Amino acid sequence: MKIERLSAKAEDYLETILRLSETPRGARTGDIAEAMDVQPSTVSAALKSLKEQGLADYEPYGAVGLTPKGRQVAEDISGRHVALRRFFTETLGLTQEEAEVTACGMEHDATPLVLSRMALLGDFLRGHPGMAEKWAQTRETARSERAPGVESGLDELPEGVRGVVLSVDVECALRKRLVEMGVTPGVLIAVERVAPLGDPIAVEVRGYRLSMRKAEAAHIRVKWRPGLI
Amino acid sequence: MGGKDKAKRPRLVVLLAGNPNSGKSSLFNWMAGAHQHVGNYPGVTVEKKSARFVRGDVEIELVDLPGVYSLLAASPEEAIARDEILSGAAGVVIQVVDATNLERNLHLTAQLAEMGVPTVYALNMSDEAASHGLTFDLELMSALLGGPVVPTNGSNGEGADALLAAAQRVAAGGQACSSRVNYGLDLESAIAAVAEQFEGDDAVSARRRAIALLDGLSDPHAPAGAREAAAREAARLEKRGGRPLDVQIAEARYGFALGVATEATRESSPHVRHARTLRLDNLLLHRIWGLPIFVFLMWGVFNLVFALGEPPMQWIEAGLGGLAARILAVWPAGAAPLLQSLVVDGIIGGVGGVISFLPNILLLFLAIAFLEDTGYMARVAFLMDRAMHKMGLHGKSFIPMLIGLGCTVPAILATRTLEHKRDRFTTILVAPFVSCGARMTIYALLIPAFFAPRWRGWVLWGVYVAGILAAVLVARLLRGTLFRGESAPFVMELPPYRLPTLRSVGIHMWDRAWMYLQKAGTVILAISILLWALGTFPRRTEFSRDYAAAIAAAPAPEAAAALEAARQAETLEYSAIGRIGKGLEPVLRPLGFDWRVGTALVGAFAAKEVFVAQMGIVFSLGGADEGPERLRAALRKNYTPLQGLAMMLFCLLSAPCVATIAATKRETNSWGWALGMLLGMTAIAWIVTFVVVRLGLALGWGLA
């Protein structure tokens, strides 16, 4: 590699300067501070360091520019950021916000090979709509994997995911029935299957199988515990 | 004769308690052998199975309590189990525990322990548990549970004798079950505070009643102080625990259950419990294949009951016909004609009405016993609940409705599988709307009589759909009125699949068939004889002409038969049924029916297919022997297609047959419901038929 590794912070500065310098106002210290959520004095110190490394042109009270070398680094970083963000949203199906945050973290470390493989995977899935759809489904069913600790009614617990019963909030007769069948707070429960007509559901609790209507399951609050067998 | 002997022998009442699907009944069968007796608990339609036999020098009365998950008395079954245990008559309670599902089974143990009765535990299906890699420390378990633990095997009877021996030993010792659930500091202090208000009770009973009060059960005999203390403590603990007190109590009981199960179980290998059940469910409850397989199985059940039942039914009818013919042959000519008619038409006809159902009923109960014992019945409910629930019924109502397509009587008996009264009664009351096989004979007569070939299929289809529609509407109506309220919870165990033994299926089948013969059979017989009497009396002695002479002088057999038929028509017209038919004419006139239809309808009360025979008689065609074409021609001459349609609708919706009424009385345990069904259905039939007839007339088609 020609470019020696810069600190993540330095790369962030270069990226921000590149972005701001494309605006009519140009990249000014105050704007950089605002965009990166730091004090202007910190920005000044950082710019000074960048200038010393021959990456940025910097004159006090003027617009900040990038040297050709700095511009190359910044464009590289920015390209990686865009590639990662795209991979996260389009291929992994993350939200914009989550993709943005994660891309900011990973753009500094991802090697060109990782990036190219990611891009390849994305292209592959776009070229095979059937697979992309299957993958999207798999992602949906495993949505919980990224959401441990979600609380919901038992009726919303995805099939195959375990949950811990938090409470049984319902009038007396149904509650008595449920708790005597072993659905008490603290017990592990999992939805084993949904009836072909969409209701009722079969759950596994205390080593046996119990069926109930979704409307009844909705009264059972559970905390999702994905990954627990 | 043996009264004195029996009095000398010590008696011991042994109660068999346990969860549903714990193998309790098959264990009961092994212990009771041929001595068992099936009946109902007084006042409710909960089956009571008991057996009396002598073991050693003790006369044992073994009672199979209804299978329950708890003793909180929320359902009639639970109330019965609780009352029987607490009645004081029981010398010892045997709890059957499913070794493959210890935790939930021992939850019942936690409640039993409070009853203060000597208890023995049958660790059932321990062989199946072993195949799951589970073994048990019996000594430790019996120390923890406070009573001997006997391993048993319900499928081959292993351990049944040792179980009885242990029960007798424990009963002789008189030692109450010594285990006690520790509810934890807070709850225990609350229990103590409430218990001390029960001054007249001993310590065990005071504790039990205190826990029951805290659990939210009503105890009308509890002193006011106890109730106040319970309310106070409950409020305190609910605030403290952040959840209802009954939940806290259940948690403690399950804590005990889990504790005992964990301590006493040795797991030899990591395992998937009930892997076979899981695999079978993956197929039988499959998102796509589950329903086709279900439809196929139900088709099988229906065919088993009706196709396989058809030949024996015909043998029975042929046999009874032969019997009647023989009696007629040996009857001294002309002697006591009334008695002859009573025997041949009344009694033999009535007996036929009872036992001709028997093959169907035996086969139905065979199918149900098999479905229940294998565990598929719960899956039927699971698969069908959504559709049935929309109709105001329960998933388990499906089988009765399906069977209703064949015959309503076994359909009503099949409602036994429904646990909750509201669901069961709704199903019983709407089952007769589903077109049964007997009504098919009416359609088969009337549809070709009035409709062109290309319409016949549609009309038949329409009548069947009308019946199902009526069932759905009435079910919804009932749920909105008489059986109002939140529908019963569907929360239901999906038991593991097990292969039932022929023995248990056979016993199951026979028990229920015997109950049918005893209870419904006697009513059917009595009403059949009554209907015979109504069709016979008052007797006509003077006819419009001298038939006897005319028949004797008839030139050809055809002419004689025609004269005989005319005589029968006059006899029927003169009889009570004929008079009722005529009396009903003003009521039936708006529907377009004359007295002849009225007479046939009254006769059809004995059995729906009698409608056809009665129509034959009133049209002087001498029964149906002549082939239906002449009767159809007569019908076409006298009625319009709209009237024909009205007859079918009325037969479909109106008063069900005697056997159905008897079965309803039997299953609801009340004449009120049975008669209510009779009147309600007839009223609905009248209104619907009236509307259809008026609508048809207004549209200008029909009464041509």
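May I ask you to list the residues in the stretch A:197-229 that are facing chain B (nearest Cβ under 8 Å), aliphatic (A, V, I, L, M) and under 32 Å from the mean Cα position of the chain (by Cα)? A:Ala202, the sole residue that qualifies. Among the residues of the stretch B:90-106, is any more than 15 Å from B:Arg209 (Cα to Cα) and part of a loop (DSSP other than H, G, I, E, B)? No, the stretch B:90-106 has no match at all. Regarding the stretch B:431-442, can at least one residue be identified that is over 16 Å from B:Phe611 (Cβ atoms) and aromatic (Phe, Trp, Tyr)? There is at least one residue in the stretch B:431-442 that is over 16 Å from B:Phe611 (Cβ atoms) and aromatic (Phe, Trp, Tyr). When B:His274 is tested against (1) surrounded by fewer than 19 Cβ atoms within 10 Å (Cβ to Cβ); (2) in contact with a His (Cβ under 8 Å, 6 or more places away or on another chain), only condition (1) is not met.
Matching residues to (1) surrounded by 15 or more Cβ atoms within 10 Å (Cβ to Cβ); (2) within 30 Å of B:Pro453 (Cα to Cα):
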position: B:Ala548; (1), (2): no, no
position: B:Ile580; (1), (2): yes, no
position: B:Ala604; (1), (2): yes, yes
position: B:Gly616; (1), (2): yes, yes
position: B:Arg632; (1), (2): yes, yes
position: B:Gln643; (1), (2): yes, yes
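Among the residues of the stretch B:370-421, those identified as within 16 Å of B:Leu494 (Cα to Cα), aromatic (Phe, Trp, Tyr) and within 14 Å of chain A (Cβ to nearest Cβ) are B:Tyr376, B:Phe382. Only residues that are in contact with a helix residue (DSSP H, G or I) (Cβ under 7 Å, 6 or more places away or on another chain), part of a helix (DSSP H, G or I) and farther than 20 Å from B:Ile529 by Cα: list them for the stretch B:570-597, please. Listed by number, the residues that qualify are B:Lys582, B:Glu585, B:Leu588, B:Pro590, B:Leu591, B:Trp595, B:Arg596, B:Val597.
Any idea which residue in the stretch A:87-110 is nearest to A:Leu125 (Cα to Cα), counting only those that are part of a loop (DSSP other than H, G, I, E, B) and under 9 Å from the mean Cα position of the chain (by Cα)? Steps first, answer last, please.
Going residue by residue through the stretch A:87-110, those that are part of a loop (DSSP other than H, G, I, E, B) are A:92-95, A:107-110.
Filter again for under 9 Å from the mean Cα position of the chain (by Cα), leaving A:92-95.
On the way: A:Leu92: 11, A:Gly93: 13, A:Leu94: 16, A:Thr95: 19 Å.
So the residue we want is A:Leu92.
Answer yes or no: is there a residue in the stretch B:449-456 that is touching a residue at least 40 places away in the same chain (Cβ under 8 Å), away from chain A (no Cβ under 14 Å) and in contact with a Pro (Cβ under 6 Å, 6 or more places away or on another chain). If you could, list the steps in order and put the result at the bottom.
Just the residues of the stretch B:449-456 that are touching a residue at least 40 places away in the same chain (Cβ under 8 Å), to begin with: B:449-451.
Checking the rest, the ones that are also away from chain A (no Cβ under 14 Å) come to B:449-451.
Retained after the next criterion (residues that are in contact with a Pro (Cβ under 6 Å, 6 or more places away or on another chain)): B:450.
Checked against the condition, which is being touching a residue at least 40 places away in the same chain (Cβ under 8 Å), away from chain A (no Cβ under 14 Å) and in contact with a Pro (Cβ under 6 Å, 6 or more places away or on another chain), the stretch B:449-456 yields at least one hit.
Check the stretch B:262-274 and report whether any residue there is touching a strand residue (DSSP E or B) at 6+ places or on another chain (Cβ under 9 Å), farther than 30 Å from A:Glu159 by Cβ and among the hydroxyl-bearing types (Ser, Thr, Tyr). Yes, because at least one residue in the stretch B:262-274 is touching a strand residue (DSSP E or B) at 6+ places or on another chain (Cβ under 9 Å), farther than 30 Å from A:Glu159 by Cβ and among the hydroxyl-bearing types (Ser, Thr, Tyr).
Run down B:Leu530, B:Leu502 and say which single residue is among the hydrophobic types (A, V, I, L, M, F, W, C) and closer than 19 Å to B:Gly352 by Cα.
Values: B:Leu502 fails: closer than 19 Å to B:Gly352 by Cα.
That would be B:Leu530, the only listed residue that is among the hydrophobic types (A, V, I, L, M, F, W, C) and closer than 19 Å to B:Gly352 by Cα.
If you go through the stretch B:494-540, how many residues are in a loop (DSSP other than H, G, I, E, B), assigned by TED's automatic domain parsing to the domain that holds B:Ala606 and crowded, with 20+ Cβ neighbours inside 10 Å? Steps first, answer last, please.
Keep residues of the stretch B:494-540 that are in a loop (DSSP other than H, G, I, E, B), which gives B:494-501, B:537-540.
Filter again for assigned by TED's automatic domain parsing to the domain that holds B:Ala606, leaving B:537-540.
Of the ones still in play, those that are also crowded, with 20+ Cβ neighbours inside 10 Å are none.
Here the count works out to 0.
Pick out the one residue from B:Gly255, B:Gly300 that is of a type outside the set (A, V, I, L, M) and either in the same structural domain as B:Glu139 (by TED's automatic domain parsing) or within 30 Å of A:Ser167 (Cα to Cα) (or both). Steps first, answer last, please.
Numbers: B:Gly300 fails: either in the same structural domain as B:Glu139 (by TED's automatic domain parsing) or within 30 Å of A:Ser167 (Cα to Cα) (or both).
Going through B:Gly255, B:Gly300 in turn, just one is of a type outside the set (A, V, I, L, M) and either in the same structural domain as B:Glu139 (by TED's automatic domain parsing) or within 30 Å of A:Ser167 (Cα to Cα) (or both): B:Gly255.
Evaluating B:Leu308 against the criteria (1) assigned to a helix (DSSP H, G or I); (2) within 24 Å of the chain's Cα centre (by Cα); (3) of a type in the set (A, V, I, L, M, F, W, C); (4) away from every other protein chain (no Cβ under 14 Å) leaves one unmet condition, (1). Only a single item in (1) part of a strand (DSSP E or B); (2) within 12 Å of the chain's Cα centre (by Cα) is not met by A:Leu84, and it is number (1).
Report yes if some residue within the stretch A:182-196 is more than 34 Å from the chain's Cα centre (by Cα) and more than 7 Å from every other protein chain (Cβ to nearest Cβ); otherwise report no. Steps first, please.
Of the residues in the stretch A:182-196, the ones more than 34 Å from the chain's Cα centre (by Cα) are A:182.
Narrowing the set further to residues that are more than 7 Å from every other protein chain (Cβ to nearest Cβ) leaves none.
Within the stretch A:182-196, none of the residues are more than 34 Å from the chain's Cα centre (by Cα) and more than 7 Å from every other protein chain (Cβ to nearest Cβ).
Tallying residues that are within 10 Å of the chain's Cα centre (by Cα) and part of a helix (DSSP H, G or I) within the stretch B:390-424 yields 11.
When you scan the stretch A:191-218, how many residues do you find that are within 22 Å of B:Arg243 (Cα to Cα), in contact with a Gly (Cβ under 7 Å, 6 or more places away or on another chain) and not basic (Lys, Arg)? Qualifying residue count, the stretch A:191-218: 3. Scan the stretch B:466-493 for residues that are free of Cβ contacts under 8 Å to residues at least 24 places away in the same chain, within 14 Å of chain A (Cβ to nearest Cβ) and either surrounded by fewer than 17 Cβ atoms within 10 Å (Cβ to Cβ) or touching a Ser or Thr at 6+ places or on another chain (Cβ under 6 Å) (or both) and the total you get is 1.
The values are calculated or read from the model by the stated rules, or taken from the named source; none is laboratory data. Just so it is clear, the structure is predicted and the values come from calculations on it, not from any experiment. All Cβ positions, glycine included, derive from the backbone under ideal geometry; neighbour counts span all protein chains shown.
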